[in-house]
Structures are given as structure tokens and as C-alpha cells.
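A short write-up of the structure that comes next.
The values are calculated or read from the model by the stated rules, or taken from the named source; none is laboratory data. Just so it is clear, the structure is predicted and the values come from calculations on it, not from any experiment. FYI the Cβ positions are ideal-geometry reconstructions off the backbone, even for glycines, and counts take in every protein chain you see.
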Amino acid sequence: MHLIIDIETENTGADIMEDNKRIISVQIGNATEQDLYWADSTNLQLALASVKKEIASLLSEDCIFAGYNIKGFDLPLLKRFLKVEIPESNILELSQTPKITQLAKSRNRRNLRLEEVCMEYGIEVTHKQK
């Protein structure tokens with residue numbers, strides 16, 4: 001089973017890693033279903049504290065967690081704020097797939113932002129717009 005994992009954070013400065021104050025939400029799911037865990041949820045099943053238990057349960061089922069730049073952003077912050085660790089064998093880093101690597105190389109770049117990749121393939125990306 002493969003699931004996407006994504007986090008949203010409260011960042012109060014210029015440094016994308018060091019200036020994060022907390023995780024606001026963690027989303028785990030696929031194209032049709034998502035579980036959303038919130039920092040300020042009054043429902044204990046949807047609170048961030050439940051994420052550790054949910055990830056442990058999914059890991060026991062050999063789940064692969066996929067995401068774009070999860071190794072460089074999501075996973076370090078999950079470890080820092082929630083003490084959640086996902087083994088390397090259970091990670092699919094989408095920014096390092098052959099198609100994305102080839103696209104970056106064709107643009108003489110080492111890395112591409114998710115928005116750039118989506119635009120290349122005609123996928124609408126509006127989640128970062130104000």
C-alpha cells in the first residue's frame with residue numbers, strides 16, 4: 001500500500017526549516033481518501049497526537065509513504081515536533097523519481113519545486129496561492 005503524506009507548518013521566518021514553530025496539520029491518504037490531523041483539534045482521533053499511532057499502524061502493514069521533498073522537509077519536521085520516524089525502506093521520495101530528475105536535468109537544475117513539475121505536466125496547483 002502506498003499513501004501520500006504531507007505536513008503544513010507555522011513558519012515565522014525566512015529559514016524554511018529552522019523558523020518553523022509547530023506542525024499545523026498532517027495529511028495521510030490517497031487520491032480518494034485522506035485522514036487529516038490538526039494541531040488544534042478538539043477531537044482526539046483527529047489531533048496531532050494520533051499521528052504517531054496511525055503511522056506506526058501503517059508501518060506494521062508495510063505501508064510506503066510518498067511525497068514530494070518529504071525527505072528534506074516533512075520527515076525531519078515530523079521527527080523534530082512529533083518524534084515520528086519513518087524508515088528509509090518505507091519512503092518514496094517523488095522529487096527523486098527518474099522522470100523528475102530528467103526534467104530537472106533538462107532545465108540545468110538540481111531540483112524543481114512541486115509547482116514547476118505540476119505546470120510541466122498540466123496539473124493545476126493552487127494550494128500555495130493566497
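Observations on the structure shown:
- Among the numbered conditions (1) within 16 Å of the chain's Cα centre (by Cα); (2) surrounded by fewer than 11 Cβ atoms within 10 Å (Cβ to Cβ); (3) charged (D, E, K, R); (4) not assigned by TED's automatic domain parsing to the domain that holds V26, the only one that R110 does not meet is (1).
- The single condition among (1) within 14 Å of the chain's Cα centre (by Cα); (2) farther than 22 Å from S25 by Cα that K71 does not meet is (2).
- Which listed residue is part of a loop (DSSP other than H, G, I, E, B) and assigned by TED's automatic domain parsing to the domain that holds K53, from I123, I86: I86
- Selection status of K53, charged (D, E, K, R) and touching an Asp or Glu at 6+ places or on another chain (Cβ under 7 Å): no
- Among the candidates L94, L58, residue that is free of Cβ contacts under 8 Å to residues at least 40 places away in the same chain and not basic (K, R): L94
- Q102 more than 21 Å from Q34 (Cα to Cα) and polar (S, T, N, Q): yes
- Answer residue from the range 45-75, given it is modelled with pLDDT under 90 and not in a helix (DSSP H, G or I) and is farthest from C118 (Cα to Cα) among those: A47
- Residue pairs whose Cβ atoms lie under 6 Å apart, separated by 6 or more positions or on different chains, with the first residue in the range 61-83 and in the same structural domain as V26 (by TED's automatic domain parsing) and the second of a type in the set (S, T, Y), are Y68/S95; N69/S95.
- As a summary of the residue check, T42 satisfies the conditions (1) modelled with pLDDT of 85 or more; (2) over 17 Å from the mean Cα position of the chain (by Cα); (3) surrounded by 11 or more Cβ atoms within 10 Å (Cβ to Cβ) except for the one numbered (3).
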